[in-house]
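This report concerns only the one structure given below.
The values are calculated or read from the model by the stated rules, or taken from the named source; none is laboratory data. Owing to the predicted nature of the structure, the values given are computational and were not obtained by experimental measurement. Here the Cβ positions follow ideal geometry from the backbone for every residue, glycine too, while neighbour counts run over all protein chains shown.
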Amino acid sequence: LAVDDRGIISLPPHRLQVDLRGLWDVKEDGDSVTARVLREGRVVSLQGTTKRISPLVPISSATMAPPRAYVLVGGLLFLPASQAKVAAHQDRINQAPTETQVLLKAEPRQYLDEEFVLLWRIYPH
């Protein structure tokens, strides 16, 4: 049976789908994993160690979902400056230049569709 790019196999006769991603999710960081895969008509055993990969954008522990809006430009990840994010990172914001702190507190905004964003993470290219 073939496993598609999403980690799902389809079983005949009614094309029942089985999601194999959950098999990897039950492993802890650093656990050994052995997988038997079909390569060029032969069954091959592959061994490896699990490693947590950080999501591209932060995931809320309350909803387990990424933010609805984000912008990734040239390795710079920008997220909307919600009140919750600002409150959670107030210590870091207090260390920002005064001009930046004033902008975060400024109201009303000049344009209706204007939105403050936070530079959340820098990814190397």
Report summary line: (1) at pLDDT 80 or above; (2) loosely packed, with under 11 Cβ neighbours inside 10 Å; (3) over 29 Å from residue 6 (Cβ atoms) all hold for residue 47 apart from (3)
Requested in this report: Quick one: in region 7-44, of everything that is in a loop (DSSP other than H, G, I, E, B) and surrounded by 10 or more Cβ atoms within 10 Å (Cβ to Cβ), which residue is modelled with the highest pLDDT?
Outcome: 31
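Please verify whether residue 108 is loosely packed, with under 10 Cβ neighbours inside 10 Å and modelled with pLDDT under 80, treating the condition exactly as stated.
Values: loosely packed, with under 10 Cβ neighbours inside 10 Å: yes; modelled with pLDDT under 80: yes.
It is true that residue 108 is loosely packed, with under 10 Cβ neighbours inside 10 Å and modelled with pLDDT under 80.
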Report task. May I ask you to verify whether residue 68 is charged (D, E, K, R), exposed (fewer than 10 other Cβ atoms within 10 Å of the Cβ) and at pLDDT 70 or above? Result -> no
